[in-house]
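Here it is: the structure, laid out below.
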Amino acid sequence: MTIASEAPARPQQKHSYSSDDIKRMLPHRWPMLMIDRAYDVVPGVSGRGVKSVSVNEPFFAGHYPDHSIMPGVMIVEAMAQLVAVVYVAEIIETAAAAEATGAPEGGGDPSASVGYLGSISSMKFSRLVVPGDQLTLDAKLGQRLGGLRQVSVRASVGSELAAAGSLIVTTGRKA
């Protein structure tokens, strides 16, 4: 006799977001909007993104003018913005589910829920990023620590790892 087990877990749907979608999700604007596209986003869990690196980026004017290199802090910012997209996607999905069931609307601008970068740990840079490169970003959200969230991030150019480490982000903003 076979005992029925729990229903199999429903696979989590992956979402893709264009640059216009991302502008609605994040409070960042040019020249600080560092992510061009997000895909394979499992809201609240993980996602991938793209940052196309152009010689027209404002930081290249001074970092280094004769040998353009994307600053590591800007690579970290791009990864942190992908984290924000994954986080906001969960908020949007939760609000849509509540609306579908007739629950009161959460309302408001989802970009207002984007928190801050709290900590950078064990970040290693292993490849220079230069104009013409396309950074592939990966983020996996980890455990919640009160109002903080631990995240593993990576940035690659093709098959070469450019940077990897851990971030801690706040899960909201204080006025």
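Is it the case that the stretch 101-121 has a residue that's among the polar types (S, T, N, Q), in contact with a Leu (Cβ under 6 Å, 6 or more places away or on another chain) and assigned to a loop (DSSP other than H, G, I, E, B)?
Taking every residue of the stretch 101-121 in turn, none turns out to be among the polar types (S, T, N, Q), in contact with a Leu (Cβ under 6 Å, 6 or more places away or on another chain) and assigned to a loop (DSSP other than H, G, I, E, B).
Filter the stretch 122-135 down to the residues that are open to solvent by 30 Å² or more (accessible area, probe 1.4 Å) and in contact with a Lys or Arg (Cβ under 8 Å, 6 or more places away or on another chain) and list them by number.
Within the stretch 122-135, just 134 meets the criteria.
Within the stretch 77-89, is there a residue that is open to solvent by 20 Å² or more (accessible area, probe 1.4 Å) and at pLDDT below 95?
There is at least one residue in the stretch 77-89 that is open to solvent by 20 Å² or more (accessible area, probe 1.4 Å) and at pLDDT below 95.
Quick check on residue 135: is it closer than 18 Å to residue 90 by Cα and at pLDDT 95 or above? Write out each step before concluding.
Numbers: closer than 18 Å to residue 90 by Cα: no; at pLDDT 95 or above: yes.
The answer is no for residue 135.
All but one of (1) at pLDDT 90 or above; (2) open to solvent by 20 Å² or more (accessible area, probe 1.4 Å) hold for residue 155, so report the exception by its number.
(2)
Among residues belonging to the stretch 19-60 that are in a loop (DSSP other than H, G, I, E, B), of a type in the set (D, E, K, R) and free of Cβ contacts under 8 Å to residues at least 24 places away in the same chain, point out the one that is most open to solvent (accessible area, probe 1.4 Å).
Looking at the filtered set, the residue picked out is 29.
Report whether or not residue 94 is hydroxyl-bearing (Ser, Thr, Tyr), within 17 Å of residue 47 (Cβ to Cβ) and assigned to a strand (DSSP E or B). Talk me through it step by step, then tell me what you get.
Values: hydroxyl-bearing (Ser, Thr, Tyr): yes; within 17 Å of residue 47 (Cβ to Cβ): yes; assigned to a strand (DSSP E or B): no.
Against the criterion (hydroxyl-bearing (Ser, Thr, Tyr), within 17 Å of residue 47 (Cβ to Cβ) and assigned to a strand (DSSP E or B)), residue 94 does not qualify.
Now, a different point. Take the stretch 69-87 and flag every residue that is farther than 14 Å from residue 37 by Cα and within 8 Å of the chain's Cα centre (by Cα).
The first filter runs over the stretch 69-87 and keeps only residues farther than 14 Å from residue 37 by Cα, leaving 69-77, 87.
Answer for the stretch 69-87, where residues must be farther than 14 Å from residue 37 by Cα and within 8 Å of the chain's Cα centre (by Cα): just 87.
The values are calculated or read from the model by the stated rules, or taken from the named source; none is laboratory data. Here the structure is a predicted model, which is why all the values come from computation and not from measurement. Using ideal geometry, Cβ is built from the backbone for each residue, glycine included, and neighbour counts are taken over all protein chains shown. SASA here: full protein model, heavy atoms, side chains in, ligands and nucleic acids out. Shrake-Rupley method; radii C 1.70, N 1.55, O 1.52, S 1.80 Å.
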